[in-house]
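Structure first, then comments.
The values are calculated or read from the model by the stated rules, or taken from the named source; none is laboratory data. Given the structure is predicted, the values throughout are model-derived calculations rather than measurements. Glycine also receives a Cβ, built like all others from the backbone with ideal geometry; neighbour counts cover every protein chain displayed. Accessible surface is based on the protein model in full, side chains and every heavy atom, while ligands, DNA and RNA are left aside. Shrake-Rupley method; radii C 1.70, N 1.55, O 1.52, S 1.80 Å.
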Amino acid sequence: MAKLKKEIKEKAIEVTLWEAANKLRGSVEPAEYKHVVLGLIFLKFASDKFEDHRSKLINEGKEKYIELSDFYNMSNVFFLEETSRWSYLIKRAKQNDIALLIDTALHTIEKNNKALKGALPDNYFSRLGLDVTKLASLLDTINDIDTTKDPKHDVVGKVYEYFLSKFALAEGKGKGEFYTPKSIVNLISEMIEPYKGIIYDPACGSGGMFVQSIKFIEAHHGNKKEISIYGQEYTNTTYKLAKMNLAIRGISGNLGEKAADTFADDQHKDLKADYIMANPPFNQKDWRAENELKDDPRWRGYDVPPKSNANYGWILNMVSKLSDNGIAGFILANGALSGGGEEYKIRRKLIENNLVDAILVLPQDMFYTTGISVTLWILNKNKKAHSKKIGDETRNYRDREKEIMFMDLRQMGIPFEKKYIQFSEEDIIKITGTYHQWQCKAIENIPEFCYSATLEEVEKKDFSLVPSKYIEFINRDENIDFGEKMQTLKGEFTELLKAEAASKNDLLTVFKELGYEVKL
């Protein structure tokens with residue numbers, strides 16, 4: 001019961017904050033105001049941590065060090081000058097220059113803390129011309145959150161996640177690419193099990209894949225210090241979101257020197273990653289010029305991906321960065337499963353090189369930004385028999401170099417926010433349990449769910465990776481007794497007509513008793 005009350009309380013904070021944030025709508029574009037709100041939540045969190053550590057230094061008799069940044073940085077706490085502290089800003093919340101004061105506070109924090117370089121909103125508040133009354137109201141609401149009150153519960157992380165999701169929903173189709181729905185991120189994480197080593201996301205958005213990886217490690221009693229995070233993001237404002245998202249949770253990562261195009265300006269050229277998780281833009285056109293990137297080392301051993309669609313550019317970028325035991329899980333539009341031309345040649349080579357481990361087709365309407373059908377690809381550099389320790393469990397993988405697991409998840413999932421679908425925890429347990437079991441021993445194929453295909457079968461299907469070409473389909477109509485079915489329908493129809501006739505007689509009787517007999 002106590003846990004339930006706690007959840008209700010935290011939910012109330014998130015909802016209250018969202019309502020406060022919504023007050024800014026109208027004066028600020030939806031795509032902009034997430035930076036305003038999340039910037040303020042970051043400021044409050046950084047300030048609470050600073051004040052908490054400052055009190056600790058005083059209690060330890062170290063008053064003379066409380067204005068020295070080193071005494072904060074060594075404990076992973078950002079040092080804040082007085083004008084950057086929340087207490088300074090909240091006292092001036094109703095002043096006409098409050099937007100300028102917030103911008104100055106954020107700029108000063110970023111200047112004094114190298115880890116936040118390029119992370120915080122830059123002159124957002126002054127530039128947007130925000131209504132002072134609405135901004136003061138939002139500051140008051142955020143002021144009520146004590147972000148350090150219960151360190152065991154990641155309240156700020158939960159609020160941040162809730163907000164990223166709500167912003168993506170609010171921005172809807174064509175926008176919101178910075179966010180991958182949580183249940184899909186959970187599924188990818190549970191499939192590839194990032195536990196120890198280097199994690200990379202070449203299109204990292206707001207950093208959700210990294211956050212989920214850390215949660216996976218914590219759930220399996222791992223050590224966060226044994227993971228290194230690398231990412232890249234093209235959009236500058238989203239790059240800042242990712243850096244704030246990591247900083248607010250105390251996760252250190254290398255997202256490159258700047259926001260940059262992964263193809264044209266690779267920020268991690270020599271990287272070899274043990275785990276790659278990604279949700280790159282769907283069917284990105286003209287991602288390179290006709291004669292651009294033709295000799296790029298990332299395509300070495302394969303045909304050059306066509307400029308008309310970046311799907312295979314993303315795939316080969318990830319393949320080139322996988323370590324010898326590396327595994328990648330990423331989302332692509334379904335067209336990549338059977339495309340022709342250069343896409344066919346690259347796909348065939350990937351299959352012949354024994355890299356494709358599993359292909360999972362997802363239900364429709366899982367993304368807030370598009371309704372197209374998508375697939376989760378699992379590529380694995382080491383499909384030979386070997387053992388691996390994940391938390392308390394040791395996995396003894398079998399040799400499955402000449403096999404590919406296909407899964408059809410289109411009948412799974414539960415409704416979410418009325419018009420969307422998401423996986424339940426039970427769904428994810430069933431999907432990942434089946435996949436991990438197949439990795440360790442041969443399993444029975446299950447009609448309309450999974451099929452383990454040999455490379456010979458894939459070759460016979462001309463290297464198509466469309467799951468429905470392999471997974472058995474049950475024709476439920478063929479077992480129906482037509483005569484029996486018609487007798488049942490006849491009975492139901494008879495009852496329906498009798499009820500209608502009775503209703504009609506009752507109505508005629510009522511009119512007759514009222515003296516207004518109806519004659520047909």
Test for TYR230: is it assigned to a strand (DSSP E or B) and at pLDDT 90 or above: yes
Residues satisfying the stated conditions in region 116-141, i.e. of a type in the set (Asp, Glu) and open to solvent by less than 70 Å² (accessible area, probe 1.4 Å): ASP131, ASP140
Test for SER75: is it under 29 Å from ASN254 (Cβ atoms) and exposed (fewer than 15 other Cβ atoms within 10 Å of the Cβ): yes
Region 390-408, residues that are aliphatic (A, V, I, L, M) and either closer than 19 Å to TRP377 by Cα or in contact with a strand residue (DSSP E or B) (Cβ under 8 Å, 6 or more places away or on another chain) (or both): ILE404, MET405, MET407
Residues (loosely packed, with under 13 Cβ neighbours inside 10 Å and either touching a Ser or Thr at 6+ places or on another chain (Cβ under 9 Å) or of a type in the set (A, V, I, L, M) (or both)) located in region 265-300: LYS285, ASP286, ALA289, PRO297, ARG300
Selected residue (criterion: farthest from ILE227 (Cα to Cα)) from residues of region 243-300 that are among the charged types (D, E, K, R) and assigned to a helix (DSSP H, G or I): ARG298
Members of region 477-498 that are modelled with pLDDT of 85 or more and open to solvent by less than 100 Å² (accessible area, probe 1.4 Å): THR494, LEU497
Residue under evaluation THR262, criteria (1) in contact with a Pro (Cβ under 9 Å, 6 or more places away or on another chain); (2) at positive phi, criterion not met: (2)
TYR312 modelled with pLDDT under 95, of a type in the set (Phe, Trp, Tyr) and either over 23 Å from ILE227 (Cα atoms) or part of a loop (DSSP other than H, G, I, E, B) (or both): no
Identity of the residue in region 14-34, surrounded by 17 or more Cβ atoms within 10 Å (Cβ to Cβ) and within 18 Å of TRP86 (Cβ to Cβ), that ends up modelled with the lowest pLDDT: ALA20
Subset of region 176-197 that is under 20 Å from MET244 (Cα atoms) and not aliphatic (A, V, I, L, M) - its residue that is modelled with the lowest pLDDT: GLY176
Boolean, ASP146 is touching a residue at least 40 places away in the same chain (Cβ under 8 Å), of a type outside the set (Val, Ile, Thr), surrounded by fewer than 20 Cβ atoms within 10 Å (Cβ to Cβ) and part of a helix (DSSP H, G or I): no
Set SER213, SER183, SER189: member being touching a residue at least 12 places away in the same chain (Cβ under 8 Å), buried (at least 17 other Cβ atoms within 10 Å of the Cβ), part of a helix (DSSP H, G or I) and touching a Pro at 6+ places or on another chain (Cβ under 8 Å): SER213
Set LEU316, LEU332: member being within 24 Å of GLU233 (Cβ to Cβ), open to solvent by less than 10 Å² (accessible area, probe 1.4 Å), in contact (Cβ under 8 Å) with a residue 24 or more places away in the chain and over 21 Å from the mean Cα position of the chain (by Cα): LEU316
Residues (aliphatic (A, V, I, L, M) and at pLDDT 95 or above) located in region 273-292: ALA273, ILE276, MET277, ALA278
Whichever residue in region 360-392 is more than 21 Å from the chain's Cα centre (by Cα) and in a loop (DSSP other than H, G, I, E, B) and, among such residues, is surrounded by the fewest Cβ atoms within 10 Å (Cβ to Cβ): ASP392
One residue from LYS269, LYS285 being touching a residue at least 12 places away in the same chain (Cβ under 8 Å) and either more than 20 Å from the chain's Cα centre (by Cα) or within 29 Å of ALA115 (Cβ to Cβ) (or both): LYS285
Filter result for ASP274 (of a type in the set (D, E, K, R) and without any contact (Cβ under 8 Å) to a residue 60 or more places away in the chain): no
Scope region 204-230; condition charged (D, E, K, R) and within 16 Å of the chain's Cα centre (by Cα); matching residues: LYS215
Residue that is farthest from THR148 (Cα to Cα), among those in region 86-115 that are open to solvent by 70 Å² or more (accessible area, probe 1.4 Å) and among the polar types (S, T, N, Q): ASN96
PHE463 being of a type in the set (A, V, I, L, M, F, W, C), farther than 21 Å from LEU187 by Cβ and open to solvent by less than 80 Å² (accessible area, probe 1.4 Å): yes
ASP140, sole failed condition from (1) within 28 Å of the chain's Cα centre (by Cα); (2) among the charged types (D, E, K, R); (3) not in a loop (DSSP other than H, G, I, E, B): (1)
Segments classed as strands (runs of 3 or more DSSP E), wholly inside region 402-520, with at least 3 members that are of a type outside the set (A, V, I, L, M), within 28 Å of TYR312 (Cβ to Cβ) and in contact (Cβ under 8 Å) with a residue 24 or more places away in the chain: 403-408, 450-454
